[in-house]
Amino acid sequence: MSAATTRSRTPDRLCAEAVDLARSAAEEAAAPGVVGEHEGMVSEGDRVVTHYFACKELGYRGWRWAVTVARASRAKIVTVDEAVLLPGPDALLAPEWVPWSERLRPGDMGPGDLLPTDADDLRLEPGWTGEDEPPPNSAVSDEMAALVEAEDAEVTAGPPAELPAVPARGTISAVAEELGLRRSRVLSRYGLHVAADRWEESFGPKTAMAQAAPASCVSCGFLARIGGSLGQAFGVCANEFSPADGRVVSLAYGCGGHSEAAVMPKPPRVAPPVIDETRVDPFPLRPAADSGSVSVAEDDAADLGHS
């Protein structure tokens, strides 16, 4: 261990005795009455000492006022370098900062709030727009697929009436079961209207959230369609940060969690001016004689050469 290191760990005597100077500097930087008792000192280097004072200010439990004093070589005057408020070993500190995207919880969104979605959000995927639809003559078109399915159908030994068991596929009961109608009772027209009124009152276009939304649910990627006649006006919200997550919402409802809320339309650009360089417009160097407001009178003297 070198001699310089040994000297740096030993507090300078004059700097260590400058407790009153350090306290006055801390009181000057802090509010009146918040600087407490002296809690020790630490040697920072040759003729550099930091004094610690307790902080009595509310909300800063365990914090300390740190005042660093120093003196020049062969000088007897101690000066103040800095006075700051630093946390102690048992100080009350704020939690580690977390990005807003990780702090956000379901139900935090209110009317007027916008929740942008990332371009590579795992909850969304490109939808079908019809641009990549195969032509009718293509081998993968719907007509060709139906034809292939018909050609690959199983051939029975005889007509369905002569078989011991009539196939269930194609019967009225089978179709009703696929449509969800093979039940003892289903919703009546009145029951549908009552349910629609109730859902629209909770998550409809007249709510405060929908009035402040940038767009409606009909164009949102988080909307899950439902079947039946109610699917023409309602769907299920699948955005976990939306206040309507897992609820039946009207297609006219909306919130700040719209999947395209962050996609702002570009302003229209003015077309550049078109300059026709193939045409020449005559431009007289002198104005015409009759272009002024005063008519030109015939002057006989001009013919005689008089001025």
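The values are calculated or read from the model by the stated rules, or taken from the named source; none is laboratory data. Because the structure is a prediction, the values reported are computed rather than measured. A quick note on method: Cβ atoms are made from the backbone with ideal geometry, for glycine too, and the neighbour counts reach across all protein chains shown. The protein model used for the area step is the full one, side chains on, heavy atoms only, and it has no ligands, DNA or RNA in it. Shrake-Rupley method; radii C 1.70, N 1.55, O 1.52, S 1.80 Å.
Accessible surface area normalised per residue over segment 1-87 is 62 Å², counting heavy atoms of protein chains with a 1.4 Å rolling probe.
The dipole here belongs to segment 44-132: it is taken about the Cα centre, uses +1 on the Cβ of Lys and Arg and -1 on the Cβ of Asp and Glu, and is about 1380 debye. Using the Kirkwood radius over C-alpha pairs as Rh, can you work out the diffusion coefficient of segment 62-102 via Stokes-Einstein at 10 °C, viscosity 1.306 mPa s, in µm² per second? In µm²/s, the coefficient is 118. Pairwise Cα distances in segment 181-244 exceed 16 Å for 54 percent of all pairs. Of the peptides 219-232, 86-99, 248-261, the ranking by mean beta-carbon count within 10 Å, highest at the top, reads 248-261, 219-232, 86-99. The coefficient of translational diffusion for segment 1-107, derived via Stokes-Einstein from the alpha carbon Kirkwood radius under 37 °C and 0.692 mPa s, stands at 210 µm²/s. Coupling constants for segment 26-42 follow from the phi torsions by the Karplus curve (6.51 cos²θ - 1.76 cosθ + 1.60, θ = phi - 60°), and in residue order they are 5, 5, 5, 7, 9, 6, x, x, 9, 8, x, 6, 6, 10, x, 8, 9 Hz; glycine and proline get x.
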